[in-house]
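Notes to accompany the following structure.
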Amino acid sequence: MPTQRKSSPLQSNPSPSPNSSKKPSADRPLLRLLPISILNIVELGIALPVLPAIALALGATAFDVGLLYMLQSLGQFLTGPIWGRLSDRFGRKNILMITFALAALAEILTAFATSLIALFITRFFVGLCAGNVAAASAYVADVTTQEDRSKGMAVIGVSFGLGFTIGPAIGALISFLAPETISVWGLGLPFLVAGLLSLFTLILTAFVLREPPLSAEERQNRRGPQPPIREILNHPGMLPMVLMFFAYTMSASVLEATFFLYAADEFSLRAEHIGATFAGLGLLLAILQGSVGKVAKRLGDPAMVLLGIGLCSVGLVLSVSVESLLIFLMFVAIATAGRAYMHPGLLALTSKVSPTPALAGTFLGILQSFGSLGRISGPAIGGWTYEYVSHEAPFIIAGLFLLVCGIVWKITLGRQENQIFDSEVSKKFETS
C-alpha cells in the first residue's frame, strides 16, 4: 500500500476562507482598529526628535545616533516573522496586547537610561517588540474581502500619516517644556509619556478590539504546522513582494534621512520650517488614504502600486532638479502621494499571496521584516551619498532604484499576476 505524502501548509487546499466569501461590512472592525493603530504610531513617533538629544547628552557621536536607529530596525528585522507567526497561532488581538505591553516596558526603560550602552540595549529591545504593525495588517486581512483589501490596508497608511505627524510634535513639545535642571531624566520624559501611551493603547485594545471570528476548521489550520521562511519566500509572488517592499522602504528612508539636510543647505530652511513641512506631508499621506479604495477598484492593486512607484520615482528625481522652493516641495508632495498608494497596495497584495488566512500574519511579518532592512540601509546610503557624492545624489539614486525595481517587479510577476491577484483565495496556489 503506497504511503501518503505529507503536504506542506502552503500546499493545503482548505475550504474557502472568509477572505474569499462575502463578509459583513468591515467598516466597524476597521473603525475599532483605527484609533489603536494611530496611537501605536504616535507612540513610535514621539521618540523621533528626542532620541538624538538624549543620546548626545549621554556622550554619543553622530555615528552612534545613526547606529541607534539601525539597531532598532535590526530588532524589527529579526522578530517580524516571529510576531506574524504568533499572531496566526494565538490571534491578532492577543499579540497586539503583548507587543503594546513590551513596547511600554521598552520606552519606560529608555526614559531611565543613564548610559549609552543602556540606551543601545533599550532601543534594540524596542525593535524586538515591534510586531504590532504586522499583527494589525493581518487583522485587516481577516476582516476584509479581497476586493476591499487595499481600502482596509489604508487604515495602516492613515495611522502612519497621522502618527508621524502628531508623535514627533508631542515629543518635541515635551522636550521643550521639560526642565533642564533634571538633565537626562528631563530628556527622557517623552519616552516615559510614550510608554504610558502604549499602556493606554493596550487597555484600549483589550476593551475595544474584537478578535475576528473563526470557524473550527480555521482554528485548526492556525494550530497546524507552519512552513519555514525559505518555503514562504519561494511561494508564488512572495519574493517579488518582499523585494519591492524593501525598495519602497529604502527609498522612503533615503528621503526622510536627507530631506532636512537638503532643505537646510539648498533653501536655508530652519528646523521649525522643516518640521512644519514634514507635518504637512504626513497629513497629505493620511488624506490620500481616503482615495486608495477607489483607485484600487478602478485600476487593480498591482496597477495602483505601479502608479505609486511612478509618482514616487518622478517626484524624487525631479525634486532636486529645480531651484524654486515651491516647486521642490511640489515634487516632494508627488513622491509622498506615490508612497500613499504603494504602502497599502503592497500590504494588500501580500495578504492575497498568502494561500490561507492562517498564514497571513506570517507573510505580512516577513514583509515588515524586509521593510526594516530598507530602514537600515536607506539612511546609510542617503547620508553617505549626500556627503561624498552630491546633495542631489540620494534623491536621484533612490528614485531610479525604485523605478528599476518597479519594472523588475512587474516583469517578475508576469503570468503569476492573473493567477495570484485575480483569483479568489479559495483557488490555492500549488508550489510545484
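Laboratory data are not the source of any read-out in this text; all were calculated from the coordinates shown. What you see is a predicted model, and the numbers here were worked out from it, not measured in a lab. Glycine also receives a Cβ, built like all others from the backbone with ideal geometry; neighbour counts cover every protein chain displayed.
Ordering Lys93, Lys410, Lys151 by the number of other Cβ atoms within 10 Å of each residue's own Cβ, fewest first, gives Lys410, Lys93, Lys151. List the residues of segment 285-324 whose backbone N lies under 16 Å from a point placed 7 Å from the Cα of Met330 along the Cα-to-Cβ direction. Only 314-324 fall inside the zone, counting backbone N under 16 Å.
By the gyration tensor of its Cα atoms, with a ≥ b ≥ c the square roots of the eigenvalues, what is the shape of segment 254-395: rounded for a/c under 1.5, prolate for a/b over b/c, or oblate? Judged from the Cα gyration tensor, segment 254-395 comes out prolate (a/c at least 1.5, a/b above b/c).
Spacing of the modelled spin labels on Phe90 and Lys294, each 7 Å from Cα toward Cβ, amounts to 4.2 nm. Label positions at Leu78 and Ser321, each projected 7 Å from the Cα along the C-beta direction, are separated by 4.3 nm. Each residue of segment 141-156 is assigned a 3J(HN,Hα), and the resulting list reads 4, 5, 9, 10, 7, 4, 5, 9, 5, 5, 4, x, 5, 4, 4, 5 Hz, derived from the Karplus form 6.51 cos²θ - 1.76 cosθ + 1.60 (θ = phi - 60°), x at Gly and Pro.
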